[in-house]
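For reference, the structure discussed in these notes is given below.
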Amino acid sequence: MPFDKSSAATYADNHAESHSTGNCARHVRKAIESGGISLHHAHYAKDYGPLLEAVGFRQAIGDPQTGDVIVIQPAPGNPAGHMAIFDGSIWVSDFKQTHPGPQGFYPGAAYRQSQPAYKIYRHN
């Protein structure tokens, strides 16, 4: 079954909370599943890279596209890391990340300050 990137992004937008609930991995996994891909569970967001690759996602380069998923390694005080899906305009995790600029994928100040490693994945 092909990945319906638009459905995944719409699901993420429609189920986003008004603020972070600490459940980014679950929200993004459910968005991916709504797009037609069954994804194994990981306890921490930072560990989803290999699981995404196992279902056909590959590391993306360049500007993000609808349906791209970012996996960010931990920042101080955030040992689980973070993940989000791009809806075509903004990154969405368990909330809509509306911070402007090229670091809009970082979910908060601790991430923007420490700038931990990340990878963006795209389903081909």
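Got a sec? Which of 7, 34 is modelled with pLDDT of 95 or more, of a type in the set (S, T, N, Q), in contact with a helix residue (DSSP H, G or I) (Cβ under 6 Å, 6 or more places away or on another chain) and under 17 Å from residue 122 (Cβ atoms)?
Result: 7 is the single residue among 7, 34 that is modelled with pLDDT of 95 or more, of a type in the set (S, T, N, Q), in contact with a helix residue (DSSP H, G or I) (Cβ under 6 Å, 6 or more places away or on another chain) and under 17 Å from residue 122 (Cβ atoms).
So in segment 87-102, with the set limited to residues that are of a type outside the set (Ser, Thr, Tyr) and outside any strand (DSSP E or B), which one is nearest to residue 46 (Cα to Cα)?
The selected residue is 94.
Report, by residue number, each residue of segment 49-68 that is crowded, with 18+ Cβ neighbours inside 10 Å and touching a helix residue (DSSP H, G or I) at 6+ places or on another chain (Cβ under 7 Å).
The answer is 67, and nothing else.
Is there any pair linking a residue in segment 97-120 that is among the basic types (Lys, Arg) to one that is not in a helix (DSSP H, G or I), with Cβ under 6 Å and at least six apart or on different chains, and which?
Partner pairs satisfying both residue conditions: 112/103; 112/106; 119/59; 119/71.
Quick one: in segment 7-48, which of the residues that are hydroxyl-bearing (Ser, Thr, Tyr) and in contact with a Gly (Cβ under 8 Å, 6 or more places away or on another chain) is surrounded by the most Cβ atoms within 10 Å (Cβ to Cβ)?
Residue satisfying both the conditions and the ranking: 11.
Quickly run through segment 72-87 and pick out the residues that are modelled with pLDDT under 95 and within 16 Å of residue 28 (Cα to Cα).
Those that are modelled with pLDDT under 95 and within 16 Å of residue 28 (Cα to Cα): none in segment 72-87.
Among the residues in segment 103-114, are any surrounded by fewer than 13 Cβ atoms within 10 Å (Cβ to Cβ), in a loop (DSSP other than H, G, I, E, B) and out of contact with any helix residue (DSSP H, G or I) (no Cβ under 7 Å at 6 or more places or on another chain)?
Taking every residue of segment 103-114 in turn, none turns out to be surrounded by fewer than 13 Cβ atoms within 10 Å (Cβ to Cβ), in a loop (DSSP other than H, G, I, E, B) and out of contact with any helix residue (DSSP H, G or I) (no Cβ under 7 Å at 6 or more places or on another chain).
Go through (1) surrounded by 21 or more Cβ atoms within 10 Å (Cβ to Cβ); (2) out of contact with any helix residue (DSSP H, G or I) (no Cβ under 8 Å at 6 or more places or on another chain); (3) among the aromatic types (Phe, Trp, Tyr) one by one and return the number of the condition residue 86 breaks.
(2)
Right, residue 84: assigned to a strand (DSSP E or B), in contact (Cβ under 8 Å) with a residue 40 or more places away in the chain and under 17 Å from residue 6 (Cβ atoms) or not? It would help to see each step written out before you state the result.
Values: assigned to a strand (DSSP E or B): yes; in contact (Cβ under 8 Å) with a residue 40 or more places away in the chain: yes; under 17 Å from residue 6 (Cβ atoms): yes.
Spelling it out, residue 84 is indeed assigned to a strand (DSSP E or B), in contact (Cβ under 8 Å) with a residue 40 or more places away in the chain and under 17 Å from residue 6 (Cβ atoms).
The values are calculated or read from the model by the stated rules, or taken from the named source; none is laboratory data. On a predicted model such as this, the values are computed, not experimentally measured, just so you know. A quick note on method: Cβ atoms are made from the backbone with ideal geometry, for glycine too, and the neighbour counts reach across all protein chains shown.
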